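> What follows is a structure written as structure tokens; I'll ask about it next.
The values are calculated or read from the model by the stated rules, or taken from the named source; none is laboratory data. Model, not experiment: these values are computed from the prediction. Heads up, the Cβs are rebuilt from the backbone with ideal geometry, glycines too, and the neighbour counts pull from every protein chain shown. The protein model used for the area step is the full one, side chains on, heavy atoms only, and it has no ligands, DNA or RNA in it. Shrake-Rupley method; radii C 1.70, N 1.55, O 1.52, S 1.80 Å.
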Amino acid sequence: MKHAIKLYGPIDGWFNSAEEIIGGIPDDATEIEMRIHSPGGSVGEGLAMYHALRDHKARVTTIVDGYAASTASFLMLAGDVRKVHRNSLIFVHNPWTYAEGDAEELRKTADGLDVHADAIRDIYMQRTGMAE
């Protein structure tokens with residue numbers, strides 16, 4: 001059975017959440033096709049989607065229809081088959097956030113960004129075969 005996912009728009013806890021996107025995939029799906037057009041969003045939501053797709057027994061195809069930016073760029077790599085249209089765009093960058101607080105709080109935030117960057121870098125390296 002083929003299951004289609006349209007991931008258009010931002011990835012966050014409100015719209016295109018991991019629960020919404022992954023929760024709808026039947027356990028007996030044999031093929032999953034995820035079409036992507038997203039500016040990215042929450043790294044945590046993206047990681048949950050990425051791992052759920054990689055862990056599913058179905059053959060996963062990801063297709064970039066427009067943008068696969070930020071979080072969507074590593075989510076695209078969840079596909080066993082990855083397709084990018086000739087004029088589609090993929091944007092990769094280090095994770096960032098907004099922060100406020102004293103120096104100690106800002107250092108904690110920066111350390112958290114480093115942890116996210118390491119996780120994302122590992123996905124890119126695993127799925128592309130490229131060195132750091």
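> Could you bin all the Cα-Cα distances of region 65-132 into 10 Å bins starting at 0 and give me the percent of pairs in each, rounded to whole numbers?
Each 10 Å bin holds this share of Cα pairs: 19, 42, 25, 12, 2.
> OK, next. Against the 2.2 N^0.38 Å scaling, with N counting residues, where does the chain land? I'd like the Cα-based Rg ratio to two decimal places.
Scaled against compact globular proteins, the figure is 1.09.
> Taking the Cα centre as origin and putting +1 on Lys and Arg beta-carbons and -1 on Asp and Glu beta-carbons, what dipole magnitude results for the chain, to the nearest 20 debye?
With only Lys, Arg, Asp and Glu charged at Cβ, the dipole is about 820 debye.
> I'd like to know how region 1-54 sits against the 2.2 N^0.38 Å rule of thumb: what's its Cα Rg over that expected value?
With N residues counted in region 1-54, Rg over 2.2 N^0.38 Å equals 1.06.
> If I fit a long axis through the Cα atoms of helix 43-55 and take the longest principal axis of the Cα atoms of the chain, what angle between them do I get, 0 to 90°, rounded to 10?
Rounded to the nearest ten degrees, it is 30.
> Ignoring ligands, DNA and RNA, what percent of the 1.4 Å accessible area of the chain is carbon and sulfur?
About 52 percent, which is the carbon plus sulfur part of the accessible surface.
> In sequence order, what are the phi-derived ³J(HN,Hα) couplings for region 87-101 according to the Karplus relation 6.51 cos²θ - 1.76 cosθ + 1.60 with θ = phi - 60°, rounded to whole Hz, with x for glycine and proline?
9, 6, 10, 10, 10, 10, 7, 5, x, 9, 7, 9, 8, 8, x
> Taking the alpha-carbon distance from LYS6 and a cut-off under 24 Å, which lysines remain once sequence neighbours fewer than 8 residues away in the same chain are dropped?
Counting by Cα, and skipping residues close in sequence, LYS6 has these lysines nearby: LYS57, LYS83.
> Could you grab the relative contact order for region 1-123? Cα pairs under 8 Å, six or more apart, rounded to a whole percent.
Worked out over region 1-123, it gives 21 percent.
> Any idea of the accessible area per residue across the chain, 1.4 Å probe, to the nearest Å²?
Per-residue value: 60 Å².
> With unit charges on the beta carbons (Lys and Arg positive, Asp and Glu negative) and the dipole taken about the Cα centre of region 26-132, which residue among ILE36, SER88, MET130 sits farthest to the positive side?
Checked the options; the winner is SER88.
> How far, in degrees from 0 to 90, does helix 103-128 lean away from the longest principal axis of the Cα atoms of the chain, to the nearest 10?
The angle comes out at about 30 degrees.
> Going by average Cβ neighbours within 10 Å, how do the peptides 33-40, 66-73, 91-98, 113-120 rank, with the highest at the top?
With the highest mean Cβ count within 10 Å placed first, the list reads 66-73, 33-40, 113-120, 91-98.
> While we're on this one: Can you give the net charge of the other residues whose Cβ lies under 13 Å from the Cβ of LYS57, counting K and R as +1 and D and E as -1?
Here the charged neighbours net out to -3.
> I've got another one for you. When averaged across all projection directions, what area in nm² does the alpha-carbon convex hull of region 23-73 cover?
Result: 3.4 nm².
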